Amino acid sequence: MAVRYVQTCRLPTPFGVFDMHGFEEPDTGKEHVALTLGELDSDEPMLARTHSECLTGDALYSMRCDCGYQLEEALRSIAREGRGILLYLRQEGRGIGLLNKIRAYHLQDQGADTVEANEKLGFAADLRDYSMCRDMLSHLGISSLKLMTNNPRKVAALQSYGIDIVERVPLHVGRNPHNEGYLNTKQSKLGHWLETHQDDDPA
Ligand SMILES: Nc1nc2c(ncn2[C@@H]2O[C@H](COP(=O)(O)OP(=O)(O)OP(=O)(O)O)[C@@H](O)[C@H]2O)c(=O)[nH]1
Ligand SMILES: [Zn+2]
């Protein structure tokens, strides 16, 4: 989806003072942001995270998934590196939206896994589209990334837009008894690179 740049402001966080760049999808009105730290105009690959919205995990401390833990670890890693970008993409629930995600969680409470629940609701397992990343990165002059992800589809999607992924940085944090089944299904059905025994120590 094509996006247009709107404005930039400072965003102080416990991890560092980022610049927040706002973008809008003219066709849908969806709003996305990029947080950046450090020099943008450089040929050096940039540490990056493309993070899809998860209100429950990112803002409400849900332990059903690993999103909140990954968001925090990504911002911490960018701050440690002194340079990087986090693209926060407003595609909640792998693209089905918040209320459908609650419907899907209800089905999971009754025994479905994360993929089966989507399918029972008539959705594909993952409806996300990463094309807005191309415009956002191009606007900021960034073409080469060290991407923090465990998701092979994300890597392939960004590469298909001509973005150079020079390194894939694993992001294994937040495994707990409430998301064990979810993470196992991500690995077995969605192909995520997740070892069975993760090192949860963020040090
Ligand atoms: N439909 C659905 N969406 C979920 C569920 N659990 C988490 N999500 C969504 O899954 C998405 C996770 O996105 P990301 O954090 O980018 O993670 P990812 O695609 O799994 O890949 P990583 O980069 O390895 O973290 C968010 O949009 C969440 O809202 C679920 O059970 N059902
Ligand atoms: Zn989540």
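The values are calculated or read from the model by the stated rules, or taken from the named source; none is laboratory data. Nothing here was measured: the structure is a model prediction, and the numbers come from that model. Heads up, the Cβs are rebuilt from the backbone with ideal geometry, glycines too, and the neighbour counts pull from every protein chain shown. SASA here: full protein model, heavy atoms, side chains in, ligands and nucleic acids out. Shrake-Rupley method; radii C 1.70, N 1.55, O 1.52, S 1.80 Å.
Results, tabulated for the structure shown:
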quantity: Arg4, sole failed condition from (1) out of contact with any Lys or Arg (no Cβ under 8 Å at 6 or more places or on another chain); (2) surrounded by 12 or more Cβ atoms within 10 Å (Cβ to Cβ); calculated: (2)
quantity: Residue in the range 88-110 that is open to solvent by less than 40 Å² (accessible area, probe 1.4 Å), assigned to a helix (DSSP H, G or I) and farther than 24 Å from Tyr182 by Cα present; calculated: no
quantity: Failed item, numbered, when Asp41 is tested on (1) away from ligand 1 (no atom under 11 Å from the Cβ); (2) closer than 18 Å to Pro170 by Cα; (3) touching a residue at least 60 places away in the same chain (Cβ under 8 Å); (4) more than 12 Å from the chain's Cα centre (by Cα); calculated: (2)
quantity: Of residues in the range 146-160 being away from ligand 2 (no atom under 16 Å from the Cβ) and touching a residue at least 40 places away in the same chain (Cβ under 8 Å), the one surrounded by the fewest Cβ atoms within 10 Å (Cβ to Cβ); calculated: Pro152
quantity: Top-ranked residue of the range 65-85 - restricted to ones that are assigned to a helix (DSSP H, G or I) and more than 16 Å from ligand 2 (Cβ to nearest atom), ranked as surrounded by the most Cβ atoms within 10 Å (Cβ to Cβ); calculated: Ile78
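One line per residue, one yes/no per condition, for (1) of a type in the set (D, E, K, R); (2) modelled with pLDDT of 95 or more; (3) over 24 Å from Met63 (Cβ atoms):
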position: Gln108; (1), (2), (3): no, yes, no
position: Ala117; (1), (2), (3): no, yes, no
position: Arg134; (1), (2), (3): yes, yes, yes
position: Glu167; (1), (2), (3): yes, yes, yes
position: Asn184; (1), (2), (3): no, no, no
position: His197; (1), (2), (3): no, no, no
position: Asp200; (1), (2), (3): yes, no, no
position: Ala203; (1), (2), (3): no, no, no
